[in-house]
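The values are calculated or read from the model by the stated rules, or taken from the named source; none is laboratory data. Computed from a predicted structure; not experimentally measured. Every residue, glycine as well, gets a Cβ built from its backbone with ideal geometry; the counts of neighbours run over all protein chains shown. Accessible surface is based on the protein model in full, side chains and every heavy atom, while ligands, DNA and RNA are left aside. Shrake-Rupley method; radii C 1.70, N 1.55, O 1.52, S 1.80 Å.
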Amino acid sequence: MEALARPRIRGEGTAEAEWSAWPGLAQLPRIDARTLVPRGARAVVVAPHPDDEVLSVGGLLAQLGDGGHEGDEGDEDNDGDHGARVAVIAVTDGTASHVGSTEWPVERLARQRPRESRLALRRLGLSVKPVRLGLPDGGVAAQRGTLAARLVSLLRPRDVVFTTWRGDGHPDHEATGQACALAAASAGARLVEVPVWGWHWARPGDARMPWRHAVRVDLDEDAVRRKRAAVQAFASQLRRDASTGAGPVLRSTTVARAQRPYEVMFL
Ligand SMILES: [Zn+2]
């Protein structure tokens with residue numbers, strides 16, 4: 001998974017119909033949530049931006065949770081007997097999503113995006129509160145060493161760390177994946193990388209995606225429904241910005257992809 005020339009992220013990206021028509025995804029080896037995160041282990045999701053935790057492994061988290069927090073209230077830890085332990089680490093607060101916007105200035109995004117993430121996690125059935133590291137959105141690569149050190153202090157030996165793939169094509173996603181790889185190795189935790197932007201720029205069978213490391217977690221109906229609802233929590237990312245004329249940050253292709261009854265990760 002070495003970094004080659006970074007692929008370009010532009011336009012709407014590869015349509016979900018194109019991915020779903022490709023037999024390669026149906027043929028991937030299956031792994032279930034409990035095998036990936038055994039009882040007693042903790043799933044730690046490290047998200048470069050608020051929404052990556054849901055886009056990458058929202059369905060898996062819904063299957064690991066105890067499903068008992070349907071509403072938008074509640075703040076107890078989900079360390080109970082039923083659900084797995086889940087922790088979410090927010091690397092940035094995602095304040096660079098609307099550059100030049102008067103509708104979504106940085107201060108508003110700094111309040112809104114973490115709030116959206118908490119709502120999304122509750123919709124997944126989790127009452128976990130993300131640990132916010134407050135690194136600059138768009139500037140994670142310059143702080144990769146700092147991030148790795150912060151992560152080492154937060155990780156435990158049996159954790160399973162889920163983060164964005166080191167070849168994902170977005171600088172923050174790649175730097176977060178790299179910092180997680182260093183930190184997981186140092187802490188004795190397991191690393192699982194998940195493509196997010198990769199689905200946008202890659203095409204079925206694309207040789208730039210490490211398919212031989214890929215596994216697929218099939219999601220039950222409840223997890224699919226919860227993930228779909230969780231994506232809708234990211235209201236700031238789903239609307240056209242009247243002040244700049246920019247379309248929604250989350251493209252329709254991304255929203256369609258988040259309705260898949262499975263998630264693909266690289267082991
Ligand atoms: Zn992101």
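With all protein chains present, how much of the accessible area of the stretch 126-218 (probe radius 1.4 Å) comes from carbon and sulfur, to the nearest whole percent? Write out the running numbers ahead of the final one.
Values: 1900 of 3640 Å².
Carbon and sulfur: 52 percent of the exposed surface of the stretch 126-218.
In the full protein context, the stretch 140-242 carries 41 Å² of accessible surface per residue, based on a 1.4 Å probe and ignoring ligands, DNA and RNA. The modelled label-to-label distance between K129 and R39, using points 7 Å beyond Cα along the C-beta direction, is 2.9 nm. The relative contact order of the chain, computed from alpha carbon pairs under 8 Å that lie at least 6 residues apart in sequence, is 28 percent.
Within the listed set D220, D159, D93, the Gaussian network model of the chain (springs between alpha-carbon atoms below 10 Å) gives the highest mean-square fluctuation for D220.
Structure remark: mean-square fluctuation, Gaussian network model of the chain, C-alpha springs under 10 Å; the largest value among G138, G59, G205 belongs to G205. Of the solvent-accessible surface of the stretch 223-267, computed with a 1.4 Å probe and all protein chains present, 55% belongs to carbon and sulfur. What would the Debye formula give as log10 I(q)/I(0) at q = 0.10, 0.12, 0.13 Å⁻¹ for the alpha-carbon point model of the chain, no solvent? With one equal scatterer per Cα and no solvent, log10 I(q)/I(0) is -0.45, -0.67, -0.80. Comparing D168, D241, D52 in a Gaussian network model of the chain, where Cα atoms under 10 Å apart are tied by springs, the biggest mean-square fluctuation is seen for D241.
How much FRET efficiency would the formula 1/(1 + (r/R0)^6) give for D218 and R108, where r is the Cβ-Cβ distance and R0 is 45 Å, rounded to 0.05?
Values: r = 38 Å, r/R0 = 0.85.
Computed FRET efficiency for D218 and R108 comes out at 0.75.
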